[in-house]
Amino acid sequence: MSFVIAADPPPRLDKAIARDVPEAAALSRTRLARLLADGAVTVDGVVAEDPKARVREGAVIDVLVEAAVESHIAPEDIPLDVVFEDSDLIVANKPAGMVVHPAPGSPSGTLVNALMHHCGDDLSGVGGMKRPGIVHRIDKDTSGLLVVAKTDAAHHGLAAQFAAHTVERYYRALVYGVPDANDPRLRGVKGTSFEPGNVLKLTTQLARHKTDRQRQAVLFQGGRHAVTRARLVARYGTPEVIAQVECWLETGRTHQIRVHMAHAGHGLVGDPVYGGRRKLAKGALSDAATAAVQAFSRQALHAAVLGFVHPVSGEMLRFEAPIPEDLADLIAALTN
């Protein structure tokens, strides 16, 4: 592709190219940096060698983008619950127990392996490789909705929406205790506040735990800004010992809902990392409900709603995934 550097270019070539590359090319800064390093960019016919070089207004930039190469990720015939699909993206309802992307501890059996098989040749390539474009993730043992890009353009557009925090994401969770504005204890927890409608707001920084690299930790200096809101949906027990809450994210950090709710003193039922197994008040729940809570083997968290603007058509899309059977059974036991 060819384009011309516009007026008042940034002082560095790489920044000028990132600013002026046609939006339709859907080339991220990372991809452009890689193309520059590979000698795939010329300025006025001369191969660019220094990304920090100055570039003049009116310079003609040529970028050679090769056809996407085959991915090293193996397709696997794994059943998928596809909620929506077109030529640009796919929305899937991930079951609990499935990892999103291959990693050293989970080289196969992931959502990406399943998508590689499902999409087949219907992947034009993301980042120069024929693979699905993951723009957000949910934990292995969290169920629910994810959107995955099938093209560079879709990946670029979706990533921009997640970065701008404009994607609608609602989760359902079961937590210990009842987060309520009338609870004086919560008023004393740093980073917590309440908004109208008894909405709990948690505002902290999050970073990897200093000693346990599998955990995230709440900070108030350093780390990454994180905001979670939670609204009470139902209370269970006499006295009330479990609550169902609806959580939504202003930011999207690793383990955000799990670590934030635990920080507020309302860890998720079944969460092996942050929630633990709490001793419930004797007689608060029926024997069957108590047993169901104690036996629940994953964090009781489900990504129920996902809404975003289609990155190519501009259409507003919104999807809902029903609560999965294991979580529905637990709620039924608590209700009965």
Residues within the stretch 101-112 that are within 14 Å of Pro79 (Cα to Cα), touching a strand residue (DSSP E or B) at 6+ places or on another chain (Cβ under 9 Å) and in a loop (DSSP other than H, G, I, E, B), tallied
1
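If a residue has to be within 18 Å of the chain's Cα centre (by Cα) and part of a loop (DSSP other than H, G, I, E, B) to count, how many in the stretch 254-276 make the cut?
Keep residues of the stretch 254-276 that are within 18 Å of the chain's Cα centre (by Cα), which gives 254-261.
Now drop any that are not part of a loop (DSSP other than H, G, I, E, B), which leaves 254-255.
Number satisfying all stated conditions: 2.
Please state which one of Ile17, Ile73, Ile78 is in a helix (DSSP H, G or I) and touching a residue at least 24 places away in the same chain (Cβ under 8 Å). Spell out the reasoning first.
Numbers: Ile73 fails: in a helix (DSSP H, G or I); Ile78 fails: in a helix (DSSP H, G or I).
Result of the check over Ile17, Ile73, Ile78: Ile17.
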Would a scan of the stretch 37-45 turn up a residue that is touching a helix residue (DSSP H, G or I) at 6+ places or on another chain (Cβ under 8 Å) and under 26 Å from Ile134 (Cβ atoms)?
no
Between a first residue in the stretch 218-236 that is surrounded by 14 or more Cβ atoms within 10 Å (Cβ to Cβ) and a second residue that is of a type in the set (Ser, Thr, Tyr) and part of a strand (DSSP E or B), which pairs have beta carbons less than 6 Å apart while being 6 or more apart in sequence or on different chains?
Val218/Thr204; Ala226/Thr204; Val227/Thr203
Scanning the stretch 183-214 residue by residue, those in contact with an Asp or Glu (Cβ under 7 Å, 6 or more places away or on another chain) and under 20 Å from His255 (Cα atoms) turn out to be Lys201
Looking at the structure I just gave you, is Val178 β-branched (Val, Ile, Thr), part of a strand (DSSP E or B) and crowded, with 19+ Cβ neighbours inside 10 Å?
no
Quick check on my filter: what residues within the stretch 152-175 are within 18 Å of the chain's Cα centre (by Cα), not in a helix (DSSP H, G or I) and not basic (Lys, Arg)?
Ala164, His165, Thr166, Val167, Glu168, Tyr170, Tyr171, Ala173
From the list Leu206, Leu232, Leu249, which one is modelled with pLDDT of 95 or more, within 23 Å of Gly307 (Cβ to Cβ) and among the hydrophobic types (A, V, I, L, M, F, W, C)?
Leu232
Those residues of the stretch 88-108 which are modelled with pLDDT of 90 or more and not β-branched (Val, Ile, Thr), in sequence order
Asp88, Leu89, Ala92, Asn93, Lys94, Pro95, Ala96, Gly97, Met98
Looking only at the stretch 190-207, how many residues end up being over 15 Å from Gly267 (Cβ atoms), surrounded by 14 or more Cβ atoms within 10 Å (Cβ to Cβ) and not hydroxyl-bearing (Ser, Thr, Tyr)?
7
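Tally time: how many residues in the stretch 20-47 are in a helix (DSSP H, G or I) and either touching a residue at least 24 places away in the same chain (Cβ under 8 Å) or under 17 Å from Ala159 (Cβ atoms) (or both)?
Applying the first criterion (in a helix (DSSP H, G or I)) to the stretch 20-47 yields 20, 23-25, 29-37.
Checking which are either touching a residue at least 24 places away in the same chain (Cβ under 8 Å) or under 17 Å from Ala159 (Cβ atoms) (or both) leaves us with 20, 23-25, 29-35.
Adding up the residues that qualify gives 11.
The values are calculated or read from the model by the stated rules, or taken from the named source; none is laboratory data. Small disclaimer: the values here were computed from a predicted structure and weren't measured. When we count neighbours, we look across all protein chains shown, and the Cβ atoms used for this are built from the backbone with ideal geometry, even at glycine.
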